[in-house]
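Single-structure report; data block below.
The values are calculated or read from the model by the stated rules, or taken from the named source; none is laboratory data. These numbers come from a predicted model, not from an experiment. Please note: Cβ atoms are built from the backbone with ideal geometry, for glycine as well, and neighbour counts cover all protein chains shown. Note: accessible area is taken over every heavy atom of the protein model, side chains too, but ligands, DNA and RNA are not part of it. Shrake-Rupley method; radii C 1.70, N 1.55, O 1.52, S 1.80 Å.
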Amino acid sequence: MTTLAIIWYSRTGGSQQLAEAARKAAEEAGGVDIRFLRAEDAGPQDLLEADGYLFACPENLAAIAGVMKAFFDRTYYEVLGRIEGRPYAAIICAGSDGENAKAQLERICQGWRLKRVADTPIVNVGAQTKDEILADKTIGEAELEQARELGATLAAGLEIGVF
Ligand SMILES: Cc1cc2nc3c(=O)[nH]c(=O)nc-3n(C[C@H](O)[C@H](O)[C@H](O)COP(=O)(O)O)c2cc1C
C-alpha cells in the first residue's frame, strides 16, 4: 500500500496538534498507510519506505527546532538520490515568525529533490514572552483545518497518483 510518513517534533504541543489533525484527515481520506513518527524516532529507512511526507515542527531560535534538524542531519545523505520526486508538505509552528524555519526546511527538501505539493503554512501561536513560549499550546480551529487539508491532500494525491 502507498505510505504517507508524518514526521514531527513538538515541545509545547502546537506542532503535535497540527500533525495529529493532518493524520486524522489523511486516515479519513483512506487509501494510504500512515506512519506517524516522532522526529527522534525516525530514520532513513522510514523515508525510503514512504511514498510521501508531511513534516511538522516549530521554529526555535530562528531555525528548525534542533530535534527536527537532527533528524534531517541523520538522514540527509543516507537517502540523498533515493527519494527524488516524492511529494511532501510541511507545517511550521512558530511564536511570532517562522520564516527562517520554513525556508530551511524547504531548502533541505529541495536538496532531496522532493516535490512540494502545497504552500507551507506557518501557524503563529502569538507567543513572545518566556511564559507564553513555555506554555502548552492550543491550536485554533482554522489552523487545524489547514493541517487537515494538507493531510487529506497528500493522502488523496498519493492514492490516485497525481503527484
Ligand atoms: C528555545 C525556543 C526558541 C524559540 N524561537 C523562536 C523563534 O525564533 N521564532 C518564533 O517564531 N518562535 C520561536 N519560539 C516559539 C515556538 O516556535 C512556539 O512556542 C511554538 O509553539 C513551539 O511549537 P510546539 O508547541 O510544537 O513546541 C521559540 C521557542 C523556544 C522554546
Handout entry: Pairwise centroid distance, computed over Cα atoms, of the stretch 88-129 with the stretch 1-68, Å
Key = 13
Fill in the blank from the handout: Helix-only [θ] at 222 nm, the chain, -39500 (n - 2.57) per DSSP H run of 4+, per residue, nearest 500, equals -14000 deg cm²/dmol
Practice task
Compute the distance in nm between two label points, each set 7 Å from the Cα along the Cα-to-Cβ direction, one at Asp33 and one at Ala63.
Solution key: 3.5
Problem - Apportionment of accessible area to carbon and sulfur, the stretch 80-151, percent (1.4 Å) - result: 42
Practice task
State in Å² the accessible area per residue of the stretch 1-155; use a 1.4 Å probe, count heavy atoms of protein chains only, and round to the nearest integer.
Solution key: 48
Practice task
In debye, nearest 20, what is the charge dipole magnitude of the chain about its Cα centre with +1 on Lys and Arg Cβ and -1 on Asp and Glu Cβ, if you could check?
Solution key: 420
Handout entry: Shape box of the chain [Cα atoms, principal axes, largest first, Å]
Key = 44, 33, 25
Handout entry: Long-range HN-HN contacts of Ala90 with modeled amide H, under 5 Å
Key = Phe55
Practice task
Could you check what % of the DSSP bridge pairs in the stretch 3-160 are antiparallel, to the nearest 5?
Solution key: 10
Practice task
Kindly list the residues of the stretch 49-70 that lie in the label zone of Tyr77, defined by a backbone N under 16 Å from the point 7 Å along the Cα-to-C-beta vector.
Solution key: 70
Exercise for the section: Keeping the other protein chains in place, figure out the carbon and sulfur percent of the accessible area of the stretch 12-77, with a 1.4 Å probe. Expected result: 45
Completion exercise
Given trypsin sites (Lys or Arg not before Pro), DSSP loops and at most 16 other Cβ atoms within 10 Å, the longest exposed-site-free stretch of the chain is 1-81
